[in-house]
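Below: the structure, in structure tokens.
The values are calculated or read from the model by the stated rules, or taken from the named source; none is laboratory data. Computed from a predicted structure; not experimentally measured. Every residue, glycine among them, receives a Cβ derived from its backbone with ideal geometry; neighbour counts consider all protein chains shown.
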Amino acid sequence: MSAMLAGIALQLGACAALPAAGPKSGRINALADEQTDPSVPPVQVVDVNATVAARVKAAEPPQSFAVSLGDAVPYGSVVGRGDVLAIQVWEAPPAVLFGASSALGLGTEGAQVQSAGLPEQLVNQDGTISMPFAGTVQAAGRTPEAIARDIRRRLTGKAHDPQVIVRIVRNATANVTVVGEVATSMRMPLTPRGERLLDALASAGGTRQPVGKTTIQVTRGSTVAAMALSDVVSDPRENIRLAADDIVTALFQPYSFTVLGAAGRNEEVPFERTGLVLSQALGRIGGLQDQQANARGVFIFRFEDAQLFRRDGQLTAGTTPDGKVPVIYRVDMKDPMTLFAAQSFPIRDKDVIYVTNAPLADFQKFLRAVSQVVYPIVAVQNATNF
């Protein structure tokens, strides 16, 4: 019997070391008050309700191609390096500077107007072209009309009443790259038509994944913007005109959250750019384990933007070195009003949802641990007495 009591005492002493998937709810609730290291910002513990859900949702940065990128200038309105130009010069008689190549019509005095077609001009890397009798002409970054006026000005006094037309005949540099979850990755050349975002996706054969689960990312220089494809399709303003060297990337469910603890399953769960709310997230993980989960101990771990914790211009929370605020959102699933708030509380990329064990579940673990010691001792004593 003394051995049995010693075994029970040993188990009682080791109760705190029972197996667990993570910290208990009481340890998490006290986390904000227990931090004493001044170099570690205190964690904010916030109860999820309708007001908090609305505030968090309103703090989400708006994603709009029309706002962040806007329509680019249609290709053909501005000449770029590597473009090939066709230049036509007309002269009134006597046309002697370029020579008569063809008769195109009558001049103001009834005489035939002569034209000369020059060899196609490649815009050099320094952005210039070489024009006979006009010298070196800056072309890159200018419209064909501006280049024509410049050439005409330079020919005035050398040619007889010159008239000049400049047009782009080949596009060597104005392309858009389309990659990711599309049928065929490609480089799409831009034309004066002014191709838009959906034109690029159509040229690549469309997306391989459903529209509702696809995110489109556009990279223009140092600016990167992303939107759900369904939002682009439904709002014509977001179908922006593309610029040279834009990169269009189609992504399938690019975001994810991780669930741990007494949930239906523990795993990383991907979701789409259209967004996900807490009620949907709990549904995707199979809800809580009825026999083990603490319905009042559901927590969401996240780093929030500091702007969410500014009141009257003052920051009311500590931040990490990168300016983020560590936040634990506490969810009481036994409160019926929480189910309403869960329908609007947004889940973010890299969120961690943790479900703690119910106190009774921990007690049952303790009883099982005790029984593993007590039953063998009782069995030995019964065999000895027999």
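A few notes on this one:
- Condition broken by Gly26, with the remaining ones in (1) in a loop (DSSP other than H, G, I, E, B); (2) over 20 Å from Pro132 (Cα atoms); (3) modelled with pLDDT of 70 or more satisfied: (1)
- All positions within the stretch 298-330 that are among the charged types (D, E, K, R), modelled with pLDDT of 90 or more and more than 14 Å from Arg55 (Cβ to Cβ): Arg330
- Exclusive hit being in the same structural domain as Ala293 (by TED's automatic domain parsing), modelled with pLDDT of 90 or more and either of a type in the set (Phe, Trp, Tyr) or exposed (fewer than 15 other Cβ atoms within 10 Å of the Cβ) (or both), set Met333, Met337: Met337
- Scanning the stretch 210-219 for residues being touching a helix residue (DSSP H, G or I) at 6+ places or on another chain (Cβ under 9 Å) and touching a residue at least 24 places away in the same chain (Cβ under 8 Å) gives a total of 6.
- Across the stretch 56-81, the number of residues qualifying as within 28 Å of Thr191 (Cα to Cα) and part of a helix (DSSP H, G or I) comes to 4.
- Taking first residues from the stretch 271-289 that are surrounded by fewer than 20 Cβ atoms within 10 Å (Cβ to Cβ) and partners that are at pLDDT 90 or above and assigned to a loop (DSSP other than H, G, I, E, B), the Cβ contacts under 7 Å between residues at least 6 apart in sequence or on separate chains come to Val277/Ala342; Val277/Gln343; Val277/Ser344; Val277/Phe345; Ser279/Ala342; Ser279/Gln343.
- Selection from the stretch 144-194 of residues that are under 30 Å from Pro210 (Cβ atoms), touching a strand residue (DSSP E or B) at 6+ places or on another chain (Cβ under 7 Å) and outside any strand (DSSP E or B): Glu181, Ser185, Leu190, Gly194
- Just so you know, in the stretch 121-169 the residues that are surrounded by 15 or more Cβ atoms within 10 Å (Cβ to Cβ) and on the phi > 0 side of the Ramachandran plot include one that is modelled with the highest pLDDT, and it is Gly127.
- Qualifying positions in the stretch 305-323 - surrounded by 15 or more Cβ atoms within 10 Å (Cβ to Cβ) and touching a helix residue (DSSP H, G or I) at 6+ places or on another chain (Cβ under 8 Å): Leu308, Ala317, Thr319
- Number of residues in the stretch 222-234 that are touching a residue at least 24 places away in the same chain (Cβ under 8 Å) and more than 13 Å from the chain's Cα centre (by Cα) equals 4.
- Residues located in the stretch 131-163, provided they are basic (Lys, Arg) and farther than 18 Å from Val73 by Cβ: Arg149, Arg152, Arg153, Arg154, Lys158
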